[in-house]
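Notes for the one structure printed next.
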Amino acid sequence: MSKILRTTGAVLGTLALAGTLAACGGDSLEKSKDKSSSSTSGGSSSTDGGKKGSLVIGAAGFTESAVLAELYAQVLSDAGYSTSVTTVKNRELYEPALEKGEIDVVPEYAATLTEFLNAKVNGDKAKDKPLASSDVTATLGELTKLAGPRGLKVLPAGGAVDQNAFAVTKEFAAKNNLKSLSDLGASKQKVKIAAGDECKIRPFCAPGLTSKYGIDVTGIDPKGVGTPGAKQAVKDGVDQLVLTTTTDATLDTYGLVLLQDDKKLQNADNVLPVVNAKDAGAPAIADALGKLTKALTTDDLVGLNRKVDAERAKPADVAKAYLQSKGLIKK
């Protein structure tokens, strides 16, 4: 999913999108679980029938998720598993696949996944009773309670944090005296958002910008979250606001600047692995991923994203170099 728009979707949106799973990746997921099939990753992962069995790591459709998935795949491969990476457009598609065991492991964001599952379990009531917050420990407690009955195991979160964020051009900010999202709301400027099409229903995207900041959102330009096309659209003035993330390493290239989330629309999102408890709940998997989680920092994420987005390196190569530099895999 876009940068994923890593925010929770409405239940109706979840059901509608889940219906397109076969068209958007269902076939590749089934093939990935076939032990004799070739890898769906960039080619970095082991497919030689590792001693401990096969694992499919899911990635969403944005740079950071692709890099994280490669990091997970390579540390697990080093630990003796045969791994492959498969990309599924968004959380509405890959989370059900994780529950079914079509995917074994995904890199996730604590607060966002908590509210996504909250919406699946509690429907519209979730809007009035959010379970995620800026307290990571409390959020993980709620997430664990939501995930367990769905056959999911939440592994410990680390210090690396990423959040949805919104950016405008430096010129637009200067012209309208904008430093924060509150400033944008007060300016009464009409804005079209370059984002994933799910932005229209996600409470931390268009609905939240309108309700919390009073921003006049005129529409969504479905170019993805933090993609080059999305940022270029804002740079060119086709759109006024782009949904990206706090770890976006290429904003400067497009002449963009983040607006401060001064009313804290976004919850703190610590990176963590979530696994299918039945197929990937082994202690060896948790141990391998835990070492990576403990080492990874927010600054690391920015640097890894920059290598892919600005320097055009492949996620698999970036992941390998990082893991070797940290002594997390054998050279």
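The values are calculated or read from the model by the stated rules, or taken from the named source; none is laboratory data. Only a predicted model underlies this, so the values are computations on that prediction, with no experimental measurement involved. Don't worry about glycine lacking a Cβ; one is built from the backbone with ideal geometry, like all the others, and counts go over all protein chains shown. To get the accessible areas, we keep the full protein, side chains included, count just its heavy atoms, and leave off ligands, DNA and RNA. Shrake-Rupley method; radii C 1.70, N 1.55, O 1.52, S 1.80 Å.
Things to note:
- Residue check, residue 125 free of Cβ contacts under 8 Å to residues at least 24 places away in the same chain and over 25 Å from residue 271 (Cβ atoms): yes
- Some residue of the stretch 78-85 being within 17 Å of the chain's Cα centre (by Cα) and among the hydroxyl-bearing types (Ser, Thr, Tyr): no
- Within the stretch 266-278, the set of residues being more than 17 Å from the chain's Cα centre (by Cα) and either crowded, with 21+ Cβ neighbours inside 10 Å or without any contact (Cβ under 8 Å) to a residue 40 or more places away in the chain (or both) comprises 276 only.
- Scan of the stretch 141-168 for residues that are among the hydrophobic types (A, V, I, L, M, F, W, C) and touching a residue at least 60 places away in the same chain (Cβ under 8 Å), ordered by number: 147, 152, 154, 155, 157, 160, 161, 165, 166, 167, 168
- Conditions (1) under 20 Å from residue 310 (Cα atoms); (2) part of a helix (DSSP H, G or I): number failed by residue 258: (2)
- Meets criteria (assigned to a helix (DSSP H, G or I), under 18 Å from residue 81 (Cα atoms) and open to solvent by less than 30 Å² (accessible area, probe 1.4 Å)) for residue 284: no
- Unmet requirement for residue 300, which otherwise passes all of (1) in a helix (DSSP H, G or I); (2) at pLDDT below 95: (2)
- When residue 197 is tested against (1) out of contact with any strand residue (DSSP E or B) (no Cβ under 7 Å at 6 or more places or on another chain); (2) open to solvent by 40 Å² or more (accessible area, probe 1.4 Å); (3) at pLDDT below 95, just one condition goes unmet, and that condition is (1).
- Scanning the stretch 158-189 for residues that are open to solvent by 30 Å² or more (accessible area, probe 1.4 Å), modelled with pLDDT of 95 or more and of a type in the set (A, V, I, L, M, F, W, C) returns 172, 174, 186.
- Residue count for the stretch 299-331 under the criterion of being over 21 Å from the mean Cα position of the chain (by Cα), open to solvent by less than 90 Å² (accessible area, probe 1.4 Å) and free of Cβ contacts under 8 Å to residues at least 40 places away in the same chain: the result is 4.
- When the residues of the stretch 61-81 are filtered to those that are of a type in the set (A, V, I, L, M, F, W, C), in contact with a helix residue (DSSP H, G or I) (Cβ under 6 Å, 6 or more places away or on another chain) and part of a helix (DSSP H, G or I), the one that is nearest to residue 275 (Cα to Cα) is 76.
- Failed condition for residue 143, given (1) assigned to a helix (DSSP H, G or I); (2) crowded, with 24+ Cβ neighbours inside 10 Å; (3) more than 17 Å from the chain's Cα centre (by Cα): (3)
- One residue from 77, 46 being more than 22 Å from residue 198 (Cα to Cα) and either at pLDDT 95 or above or aliphatic (A, V, I, L, M) (or both): 77
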